[in-house]
Amino acid sequence: MISVIERTNTCRAVYFDGFNKIINITNHIQETKDLFAWFEIADIEPFLTGEYKFSDYIVSRTDNPLIYEIIKSKIDIKRRNKDNQLHKILTVEDADIILSFDGDELSFTASDDLKSSIEVDANQLVSVAGKTDHGFFITHKDRPDFLLTVVNVPFSELLSTGKSVKLSYNKYNISVYTQKYFDKYSWRKV
């Protein structure tokens, strides 16, 4: 559901708070500190009929600062993998999740194919197999029992914008292990 820039006779104002939660839908402008955007009635009709609940959706800004969209506030991706153990991340081709380390900063990103197939916004609460964060275990090289630190990356960040974390460990002396939520992971030293 995408907003329109200018009000028409077939629009309604969707008010939302600082947390992007929908508060009210009305046909006139109200005196309030909350923000609003104009949406066509046909687009927001499920809210008006009670088919959609306000609490299940948020209003998010698009690339154009004048246009908003209504998206689900929570996404639960039910992907299961037969392997529930920790796996060392190696260098592979066509990976879903890519880790790159330049000596100072470890970056976690999803592949463009995975991003486009899931279409997650950073403002959404994303759950994969019941978890909202993806844990990555930084260990001494090839020693999963010698844990240096744990980096938890929210799935919403991982599947949209990615996340970078500063590390003070030498890139030749660390390995990264994780529980597999996606099919392929790849480790790249920059």
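The values are calculated or read from the model by the stated rules, or taken from the named source; none is laboratory data. Everything numeric in this text was worked out from a predicted model, so none of it was measured. Every residue, glycine as well, gets a Cβ built from its backbone with ideal geometry; the counts of neighbours run over all protein chains shown. Only protein heavy atoms, including side chains, enter the accessible area calculation; ligands, DNA and RNA are left aside. Shrake-Rupley method; radii C 1.70, N 1.55, O 1.52, S 1.80 Å.
So the values come out like this:
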read-out	value
Whole-Å semi-axes of the ellipsoid equivalent to the chain (Cα gyration tensor, √5λ, descending)	41, 16, 14
Net charge, residue 55 excluded, C-beta distance under 13 Å - Lys, Arg +1, Asp, Glu -1	+2
Candidates 166, 72, 180: whichever shows maximal mean-square fluctuation once the chain is modelled as a Gaussian network with Cα springs under 10 Å	166
Accessible area per residue in Å² at 1.4 Å probe, computed on the chain	59
Simple Cβ-charge dipole of the chain, Lys/Arg +1 and Asp/Glu -1, about Cα centre, in debye nearest 20	780
Full-stretch length increase - residue 19, residue 132 - with 0.36 nm per residue and alpha-carbon distance subtracted	38.9 nm
Accessible surface of the chain, 1.4 Å probe, proportion on carbon and sulfur as whole %	47
Computed [θ] at 222 nm, helices only, for the chain once each DSSP H run of length n ≥ 4 contributes -39500 (n - 2.57)	-2500 deg cm²/dmol
Among 120, 55, 130 the positive-end extreme of the charge dipole of the chain (Cβ point charges)	130
Distance (nanometres) between label positions extended 7 Å along Cα→Cβ at residue 165 and residue 53	3.3
Segment residue 10-residue 189, length gained on full extension (0.36 nm per residue, minus Cα span)	59.0 nm
Size of electric dipole in segment 97-190: Cβ of Lys, Arg +1 and of Asp, Glu -1, about Cα centre, debye, nearest 20	320
The chain: relative contact order in percent, alpha carbon pairs under 8 Å with at least 6 residues between	23
Amide H contacts under 5 Å for residue 96, placed H, 5+ residues apart	184, 185
